[in-house]
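What follows is a single structure, written as structure tokens, with notes after it.
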Amino acid sequence: MLNVVALQGRLARDPELRQTQAGKAVTNFTIACDRGKNQTDWLDVVAWDKTAEFICRYFQKGSMILVEGRLQSRKYQDKNGNSRTAVEVVAGNVNFCGKKEETEPKASAYGDSDVYAPIDETEDVPF
């Protein structure tokens, strides 16, 4: 079986880095993908660990991004107890699609947070 997704679009909002209770980095964001004839698909994406940190460092609302990953669906209950299904792309690789000045690291609103520290190039990076 094959589950591969490749999307190119613009971020609908600034990605925000969060931590799970187990300490894993995660970010969720939405990208707008042009389907043609004035139609746009708004697709939810989730990224984990170093990929999430990379996205939060280099991308912001309006940035063009290429996301490669897999499609997943999950069931959950909303705050009213209703069963819901979410469909999202789990990012495996992300790439720049814009001009160089659009890919400069964002200034940290959190001072010297390690979220915005340079990526150690000796580590295995998942993209």
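Please treat every number below as a calculation from the coordinates, not as lab data. Here the structure is a predicted model, which means the values were calculated and not measured. Neighbour counts run over all protein chains shown; Cβ positions are idealised from the backbone, glycine included.
With each label modelled as a point 7 angstrom along the Cα→C-beta vector, the Leu66-Ala6 pair spans 0.7 nm.
Can you tell me how the range 5-107 classifies by the Cα gyration tensor, rounded, prolate or oblate, using a/c under 1.5 as the rounded cut? In terms of gyration-tensor shape, oblate.
Residues Met1, Met64 in ascending order of nearby Cβ atoms (within 10 Å, fewest first): Met1, Met64.
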